[in-house]
Amino acid sequence: MESYKLAEKDPNDLVESLIHKYGDSPWTKSVVASLPVIGAFLDSHFNSMANEIYQRRIESMFSEINNELSYISDQIVDKDYLKSEEFFDLSQNAFSRAIKIADTERISAIARIIAESIIGKQATSIPSFDLVSVIGEMSPSEACMFGEIGKIYLEHKPLLTGSGNTLFRVEDILNVLPPNLQKIAGFLCARLESKGLLFSILEYYGLDDAGEELLKYFRSQCL
């Protein structure tokens, strides 16, 4: 059986991933802190890095929300909704997801969902909370693949098949995918299907309704 080497990760992304896991595990923190000589230093260093990363990502989220709302007058804001538990839950979910996301595309997508909820103009029938959750649950590679599928539907119609030009086979789209996605495209499509964004018919995939709705928030691949 042929073995595939997964796309190499950016070392900075790998470090951030380890920091997230460190911050989420009290047991790991206690083990690190108990290491002789270097334990206290490592614990302080990881906590400092985590705070810096989290702050940067929260600031990025607020900046994106501000960009989305910059053209909206105060009268249009749904102030009753801002006071609701529904918005509280949505915003808590959004920021808890955002601090674990490195790529700006997904942070921007979440910001657009928040901005639309603030003015009561959501462009999809899927609840905002669920959209934010799906975006936050994607891996960076899954999000990249999802965006590339959106580009294919917009820019490479001849690669689509089926009665309505809505289906594609993984082997037929490889030539338009970035090199780092080509060897794992099938795996990523299966992962996106498990999240309800794609459906499959035999060896063909297509965008599910939820996938079409979610792509409206990916700025560079809006359908």
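Kirkwood Rh over Cα pairs of the stretch 138-223 into Stokes-Einstein at 20 °C, 1.002 mPa s: D in µm²/s?
Result for D is 170 µm²/s.
Identify the trypsin sites (Lys or Arg not before Pro) of the stretch 63-121 meeting these criteria: DSSP loop state and at most 10 other C-beta atoms within 10 Å of the C-beta.
Passing both the DSSP loop test and the Cβ count: Lys83.
With a sphere of radius 14 Å drawn around the Cβ of Cys189, what net charge do the other residues whose Cβ falls strictly inside it have (Lys, Arg +1; Asp, Glu -1)?
So the environment of Cys189 carries a net charge of -3.
Scan the stretch 133-223 for GluC sites (Glu not before Pro) in coil per DSSP, keeping those whose Cβ has at most 15 other Cβ atoms within 10 Å, and list them by number.
Glu203
Which entries of Lys79/Lys151; Lys121/Lys195; Lys151/Lys195; Lys79/Lys216; Lys79/Lys195 have Cα-Cα distances beyond 27 Å here?
Pairs exceeding 27 Å: Lys79/Lys151; Lys79/Lys195.
Residue-wise, which Karplus ³J(HN,Hα) couplings in Hz belong to the stretch 164-176, taking 6.51 cos²θ - 1.76 cosθ + 1.60, θ = phi - 60°, and x for glycine or proline?
Karplus-based 3J(HN,Hα) across the stretch 164-176 equals x, 6, 10, 10, 8, 9, 4, 5, 7, 10, 4, 5, 9 Hz.
Taken together, the values in this text are just the output of simple stated rules run on the coordinates, not laboratory data. None of these values were measured; they are calculated from a predicted model. Counting neighbours? That spans all protein chains shown, and the Cβs are built from the backbone with ideal geometry, glycine included.
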